[in-house]
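**Q** This is the structure I have questions about; it appears just below.
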Amino acid sequence: MPLRQDSWWKRKTKLERKLIVVAFGSLLLASFLSVSLICHTIHSTFLGSDDICLTRECVQTAGEVFRNMDESVNPCDDFYRFACGNYIKHSLISNDKTFANTFTVINDLLQEQIKIALEEKSCRREPKPFQTVKKYYRACKNKSLAEKYGLDIAKKLLSDIGGWPVLSDDWEDFSFDWISNLKALRDTGLSVNCFLDVSVGLDFKRSTRRLIQIDQPGLGLSREYLVKGINDKIVKAYYEYMVDIAQMFGAERKKARQELLETLKFEIRLANFSLSQEDRRNISSLYNLLTIQELENKYKNIPWLDLINIIMPTSVQVNRSQPVLVGVPYFLGAFEKLICETPKRVQANYIMWRVVKDLISYLNQEVRDRELIFKHAINGIQESPPRWKECIDETTSLLPIVIGAMYVRKYFHVDAKTNALEMVKYIKEQFKDLLRSIEWMDAETRKSALDKANTIVDHIAYPDELLDDGKISQLYDGLEVDETQFLYSALNISKFAMDYTMSRLIEPVNKTDWREHGFPAQVNAFYHPLENSITFPAGILQGVFFHKDRPRYMNFGAVGSVIGHEITHGFDDTGRQFDKNGNLVNWWKEETKTKFLEKAQCIIKQYNNYTVPEVKMKLNGVRTQGENIADNGGVKQAYLAYKKWQRSNPPEPKLPGLKYEPRQLFWVSAAQIWCSKHRPEAIALQVTVDAHSPAEFRVLGPFSNSEFFAKDFHCPKGSKMNPEHKCSVW
């Protein structure tokens with residue numbers, strides 16, 4: 001035992017000391033702000049407190065609003081900086097994240113809550129799926145097993161499914177056939193969608209039945225990067241990543257560089273054959289119905305019946321009369337030609353690279369560290385999340401319904417669901433009022449739009465079946481997990497899930513099926529065009545988005561804008577192509593359709609002109625138009641719904657310490673859900689591949705288009721937030 005120990009401070013690293021100083025400074029700042037707010041509140045109280053809300057929730061909300069704002073910014077110049085300026089200045093992006101925003105805050109809370117639920121000791125009466133998910137979580141957390149056996153297990157797996165040619169001179173192409181190779185992958189529980197994406201989903205034009213669907217595949221790197229070619233810096237980083245991983249698996253480096261360059265060139269050709277996100281917005285172009293026999297007649301070099309039956313579970317085999325929905329016929333023709341002229345060694349190297357890439361998170365730290373270097377090149381992340389967080393995400397991804405059931409039973413309060421339903425009702429009614437008043441719609445199209453709005457189905461918080469042990473147990477009957485075999489347990493779950501999904505081809509369609517909406521442990525919201533439904537999981541009904549005891553102007557501004565956003569998706573550039581029953585039908589009169597497209601073009605042009613200053617990149621107004629239309633319509637509907645709510649309810653008190661009226665605070669609340677700080681690499685990635693605009697433009701765009709915002713904040717005509725020319729679709 002040493003006679004003298006260094007002081008607590010000296011034992012800290014430089015980074016730890018810096019973080020402690022920053023944390024202490026932030027604590028002092030927060031304390032100062034809280035004292036200032038309390039003093040201001042007391043002053044306001046003595047002057048007259050009848051219109052000031054002093055409940056715990058109001059004081060807490062006021063503090064959060066005040067901490068995020070930068071009142072030195074003129075709200076009519078840049079409302080995003082006004083509402084979020086101090087959030088951006090004072091927030092720290094943790095090393096294991098690419099953004100700091102409201103979503104990451106709530107997701108961190110969700111992870112903590114799920115961790116507590118998963119680490120509770122199982123009791124004898126606990127449903128078996130709850131025990132299974134806990135076993136899988138523990139298997140994931142057992143890092144020592146991954147360190148000791150992970151790479152060896154992966155190498156054996158590769159050998160069992162045909163081998164990775166780059167690792168050996170003994171690999172022989174005469175015994176390789178890509179169809180048979182995909183069968184080995186399917187039987188093992190690995191993804192088979194490296195060449196073609198084969199799935200089962202609703203028929204776009206007859207959504208009461210399911211079809212086998214064949215589309216272009218997802219790629220190892222986003223198409224938007226691969227089409228730039230080998231000399232693009234991100235594509236180069238991807239190539240180096242491939243080579244380094246192959247070397248870690250035992251490949252000779254020079255050989256790996258040569259062979260995997262050919263593999264990359266093959267993947268680039270797949271990317272070039274693929275349809276862009278922009279071109280996929282015309283849903284009718286993605287609807288090409290053929291039988292398997294017609295597929296075999298048209299693309300003769302691919303044994304389609306064998307391929308499809310390999311991917312389908314053995315209990316559901318099909319014949320040549322089976323209809324198949326083809327997304328991009330051009331891709332199939334180009335792929336057929338490519339696969340015929342590509343050496344088998346290149347085919348096999350590509351398949352196995354995609355397998356290995358999917359396996360990396362299950363392997364030892366050295367391999368995972370190399371993955372981190374690649375991720376850093378793409379999104380700027382500095383370090384991997386703690387193992388337990390990775391395991392929460394992994395477990396939630398593979399067993400979302402069980403995790404959802406555990407979460408809502410332990411943490412969700414049913415009164416939040418009641419309040420949210422009331423808001424949905426108000427905003428739906430407001431959207432219908434909007435449809436009735438729009439001048440550019442003809443009467444017949446307006447009636448169809450109203451019919452669609454009237455039939456939107458709500459899925460709020462969670463389905464009641466998540467509280468039913470019997471239904472959860474029945475859904476996962478037959479699934480087994482070995483706590484000592486993390487990778488093989490993951491593959492077993494994946495195979496179980498694929499069998500379930502593909503077997504639904506022969507099941508009757510129930511668009512309100514709880515199994516399709518049983519994922520409440522997430523911070524997100526959805527519109528499903530083929531169901532004409534909106535979904536708001538329990539995970540988003542908290543934090544900055546919603547609290548049952550918060551003033552309604554705050555809730556309508558935050559989650560209300562999200563509700564309006566999802567409703568508007570039913571009428572954006574892609575959602576409008578589906579009717580009230582979720583079928584791909586043109587229900588628009590030509591003149592009204594032309595007017596809609598003109599209004600959408602205004603949005604496209606507006607967002608095309610936005611530039612992200614940190615990376616000097618312009619937004620893609622075509623790719624993001626659906627989300628932008630929904631953002632603009634959503635906040636407008638939420639605002640008008642709140643005004644309607646105001647007319648039938650007593651006036652709400654203001655928040656303490658803030659000088660803003662309720663309607664102004666609506667806009668502050670709507671803006672602050674998008675407060676975000678990001679790494680430059682992450683924002684460049686978003687601008688390159690994402691259908692959503694970066695956070696600041698989700699405020700600047702819709703708010704500058706709103707006459708209501710300009711009126712509430714008294715913005716002069718011609719100011720940045722009240723331009724002469726505004727865009728409006730809904």
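The values are calculated or read from the model by the stated rules, or taken from the named source; none is laboratory data. Quantities reported herein were computed from a predicted structural model and do not represent experimental measurements. Every residue, glycine among them, receives a Cβ derived from its backbone with ideal geometry; neighbour counts consider all protein chains shown.
**Q** Restricting segment 589-645 to residues that are free of Cβ contacts under 8 Å to residues at least 60 places away in the same chain and polar (S, T, N, Q), which is nearest to Arg281 (Cα to Cα)?
**A** The qualifying residue nearest to Arg281 (Cα to Cα) is Gln601.
**Q** Right, something else. Whether any residue in segment 520-528 is surrounded by fewer than 17 Cβ atoms within 10 Å (Cβ to Cβ) and in contact with a Gly (Cβ under 9 Å, 6 or more places away or on another chain) is what I want to check.
**A** Within segment 520-528, one or more residues are surrounded by fewer than 17 Cβ atoms within 10 Å (Cβ to Cβ) and in contact with a Gly (Cβ under 9 Å, 6 or more places away or on another chain).
**Q** Now for a different question. Do we find that Ile292 is in the same structural domain as Arg206 (by the TED database), touching a Ser or Thr at 6+ places or on another chain (Cβ under 7 Å) and of a type in the set (Val, Ile, Thr) in this structure?
**A** For Ile292, the condition - in the same structural domain as Arg206 (by the TED database), touching a Ser or Thr at 6+ places or on another chain (Cβ under 7 Å) and of a type in the set (Val, Ile, Thr) - is not met.
**Q** So, one more: Do we find that Leu325 is more than 28 Å from Arg269 (Cα to Cα), modelled with pLDDT of 95 or more and not aromatic (Phe, Trp, Tyr) in this structure?
**A** no
**Q** Same structure, new question: Which residues, taken from segment 286-314, are more than 23 Å from Tyr500 (Cβ to Cβ) and hydroxyl-bearing (Ser, Thr, Tyr)?
**A** Scanning segment 286-314 gives Tyr287, Thr291, Tyr299.
**Q** Looking only at segment 545-590, filter to residues that are among the charged types (D, E, K, R) and under 30 Å from Leu202 (Cα atoms); which one of those is nearest to the chain's Cα centre (by Cα)?
**A** My answer is Glu566.
**Q** Still on this structure: Condition check: in the same structural domain as Val562 (by the TED database), under 30 Å from Asp415 (Cα atoms) and at pLDDT 95 or above. Does Leu450 satisfy that?
**A** Yes, satisfied.
**Q** I'm trying to understand the selection: among the residues of segment 109-160, which are more than 13 Å from Leu363 (Cβ to Cβ), among the aliphatic types (A, V, I, L, M) and crowded, with 17+ Cβ neighbours inside 10 Å?
**A** Leu110, Ile114, Ala117, Leu118, Val133, Ala139
**Q** Just to check your reading of the model, which residue among Glu627, Glu590 is buried (at least 16 other Cβ atoms within 10 Å of the Cβ) and under 30 Å from Arg209 (Cβ atoms)?
**A** None of the other options fit; the residue is Glu627.
**Q** Out of the residues in segment 57-108 that are hydroxyl-bearing (Ser, Thr, Tyr) and part of a loop (DSSP other than H, G, I, E, B), state the one that is nearest to the chain's Cα centre (by Cα).
**A** Thr98
**Q** Quick one: would you say Lys428 is among the basic types (Lys, Arg), in contact (Cβ under 8 Å) with a residue 40 or more places away in the chain, assigned to a helix (DSSP H, G or I) and farther than 20 Å from Val481 by Cα?
**A** So Lys428 fits the description; yes.
**Q** Restricted to segment 593-624, and to residues that are among the hydrophobic types (A, V, I, L, M, F, W, C) and under 25 Å from Ala558 (Cα atoms), which residue is surrounded by the fewest Cβ atoms within 10 Å (Cβ to Cβ)?
**A** Val612
**Q** Need pairs with beta-carbon distance below 7 Å; first residue more than 21 Å from Ala184 (Cβ to Cβ) and within segment 307-323, second in a strand (DSSP E or B) and hydroxyl-bearing (Ser, Thr, Tyr); sequence gap 6+ or separate chains.
**A** Listed by first residue and then by second, the contacts come to Arg320/Thr291; Ser321/Thr291; Gln322/Thr291; Pro323/Thr291.
**Q** So, in segment 315-343, of the ones that are aliphatic (A, V, I, L, M) and more than 28 Å from Phe496 (Cα to Cα), which residue ends up surrounded by the most Cβ atoms within 10 Å (Cβ to Cβ)?
**A** Here the answer is Leu332.
**Q** If a residue must be under 30 Å from Val414 (Cβ atoms) and more than 28 Å from the chain's Cα centre (by Cα), how many such residues does segment 467-501 contain?
**A** Here the count works out to 4.
**Q** Which of the residues spanning segment 371-386 are part of a helix (DSSP H, G or I), in contact with a helix residue (DSSP H, G or I) (Cβ under 9 Å, 6 or more places away or on another chain) and surrounded by 16 or more Cβ atoms within 10 Å (Cβ to Cβ)?
**A** If the condition is that a residue be part of a helix (DSSP H, G or I), in contact with a helix residue (DSSP H, G or I) (Cβ under 9 Å, 6 or more places away or on another chain) and surrounded by 16 or more Cβ atoms within 10 Å (Cβ to Cβ), then Glu371, Phe374, His376, Ala377, Ile378, Asn379 are the ones that fit.
**Q** Now, a different point. When you scan segment 568-577, do you find a residue that is free of Cβ contacts under 8 Å to residues at least 24 places away in the same chain, assigned by the TED database to the domain that holds Ser448 and either buried (at least 19 other Cβ atoms within 10 Å of the Cβ) or in contact with a Pro (Cβ under 6 Å, 6 or more places away or on another chain) (or both), even just one?
**A** yes
**Q** Just to verify a result, which residue in segment 437-454, among those that are polar (S, T, N, Q) and surrounded by 14 or more Cβ atoms within 10 Å (Cβ to Cβ), is farthest from Glu590 (Cα to Cα)?
**A** Ser448
**Q** While we're on this one: Answer with yes or no whether Gly189 is out of contact with any helix residue (DSSP H, G or I) (no Cβ under 9 Å at 6 or more places or on another chain) and modelled with pLDDT of 95 or more.
**A** Answer is no for this residue.
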